[in-house]
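The values are calculated or read from the model by the stated rules, or taken from the named source; none is laboratory data. These numbers were taken from a predicted model, which means no experiment stands behind them. Positions of Cβ are backbone-derived with ideal geometry, glycine not excepted, and every protein chain shown enters the neighbour counts.
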Amino acid sequence: MNSQLSLAQVRAVLFGYVNPANANDPLFLSRLNQARERIINAGTFPGCVVEGFFATDTNGSITLPPHAEALLAVDVRGWPTPIYSEFHRFTPVGPGLVRPEQQTGAPFFDLGGQVCTTSDIPEGSSGKIRTTITNAADAGNVNRYFGLDQSGNEIVDALGNRGENVTLVNPSVDTTHTFSVITNVQKQLSKGRQTVSWLDGTTPITLAVYQTYETNPLYKRYQIGTVTTDTTYGSRTIAGKCKLRYQPVIAETDLVIPDNMGALKFALLAILQEDGVSDSNRATAQNFWGDCFRLLDQQHKAQRGGARRTINWNKVSSRNVV
């Protein structure tokens, strides 16, 4: 997630397109993040694809990190490997339900939806959830955990609302309820990372480590089966190209993606027009978006290598085909 632009640099150049009289108008950050979300979700522009290296968990799956939205391409031990959609196993020509122990690295199955932890409480197990903070300043923040108890019933609070609030304590605090599954987590922006574990008796087993900027952590997960680390490739045994997940910029030192000032300018102008009420405003907004994506496409084209794939076909007479 590299960029040559910080929020402070973008603000200094482009604030005039939102409020020329006030560089610190909160509307600037709101519109800039709107623009970035639209651009990042629209395509694989420069900066919108990240590389990752993965290891399978005990369930034969990989969970993407918080900055990655989806796998676009992957190889295992140097071999390109197909990625099938969540519906592939359910099609008439699909493989049906494939157990992780039946897989040896190909293909990848998108498990559909998203999960809120990088690993799960083992099936048939349950325990309280422990949150451990790394910065004492986060004590007093509130996390809310959603899920099922040891009997499979939904966790609810004293008011009957789904989930349980946990007020953070330094260094750690446990939930009141016992969980067999965590389905969602809500947290506040934090000063430090937070480790979430389940208690197997008195032993904490890590489920996730939440970054400071995560507030509703959700991750994409893929089933691949057990893949042992290859001695040749080491930590790069499973390598993937991932679609970048949109994350808002907040601090002036945050890096801005895409790092294309011209494209960001046209995106801000487009959003300004979208806030208008007339058809002419909407038409003008579409023109500005066209200019924005044209600049991004030009940047993308300029950064690509010049090699082109060629495919050689051997002509075979129909009389030789059985």
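Any residue at all in segment 181-201 that's farther than 26 Å from LEU64 by Cα, surrounded by fewer than 19 Cβ atoms within 10 Å (Cβ to Cβ) and modelled with pLDDT under 95? Don't jump to the end; show me each part of the working.
The initial filter retains those residues of segment 181-201 that are farther than 26 Å from LEU64 by Cα, namely 201.
Imposing the further condition that a residue be surrounded by fewer than 19 Cβ atoms within 10 Å (Cβ to Cβ) reduces the set to 201.
Okay, now just the ones that are also modelled with pLDDT under 95, so 201.
Looking through segment 181-201, at least one residue is farther than 26 Å from LEU64 by Cα, surrounded by fewer than 19 Cβ atoms within 10 Å (Cβ to Cβ) and modelled with pLDDT under 95.
Taken over segment 37-80, the criterion of being over 17 Å from HIS300 (Cα atoms) and small (Gly, Ala, Ser) is satisfied by GLY52, ALA55, GLY60, SER61, ALA68, ALA70, ALA73, GLY78. Of all residues in segment 3-55, those satisfying the criterion of being assigned to a strand (DSSP E or B) and of a type outside the set (D, E, K, R) are SER6, VAL49, VAL50, GLY52, PHE53, PHE54. Which residues, taken from segment 188-216, are part of a loop (DSSP other than H, G, I, E, B) and within 17 Å of LEU168 (Cα to Cα)? Scanning segment 188-216 gives GLN188, LEU189, SER190, LYS191, GLY192, ARG193, GLN211, THR212, TYR213, GLU214, THR215, ASN216.
Filtering segment 281-313 to residues that are under 26 Å from the mean Cα position of the chain (by Cα) and under 13 Å from LYS265 (Cα atoms) leaves TRP289, CYS292, PHE293, ARG294, LEU295, LEU296.
The criterion of at least 2 residues that are touching a residue at least 24 places away in the same chain (Cβ under 8 Å) and of a type in the set (Asp, Glu) is met by the following strands (runs of 3 or more DSSP E) wholly inside segment 68-157: 68-76. For THR253, the requirement of being hydroxyl-bearing (Ser, Thr, Tyr) and either closer than 30 Å to GLN211 by Cβ or at pLDDT 95 or above (or both) is met.
Given (1) assigned by TED's automatic domain parsing to the domain that holds TYR17; (2) surrounded by 18 or more Cβ atoms within 10 Å (Cβ to Cβ), identify the lone condition not met by ASP279. ASP279 satisfies every listed condition except (2). Restricting attention to segment 152-169, which residues are exposed (fewer than 15 other Cβ atoms within 10 Å of the Cβ) and on the phi < 0 side of the Ramachandran plot? Result: ASN153, GLU154, VAL156, ASP157, ALA158, LEU159, ASN161, ARG162, ASN165, THR167. When ASP25 is tested against (1) touching a residue at least 40 places away in the same chain (Cβ under 8 Å); (2) closer than 30 Å to TRP289 by Cβ; (3) of a type in the set (D, E, K, R), just one condition goes unmet, and that condition is (1).
Take the residues in segment 258-276 that are without any contact (Cβ under 8 Å) to a residue 60 or more places away in the chain and part of a helix (DSSP H, G or I), then tell me which one is surrounded by the most Cβ atoms within 10 Å (Cβ to Cβ). Here the residue is PHE266. SER235 meets all of the listed conditions (1) in a helix (DSSP H, G or I); (2) modelled with pLDDT of 80 or more but one, namely (2).
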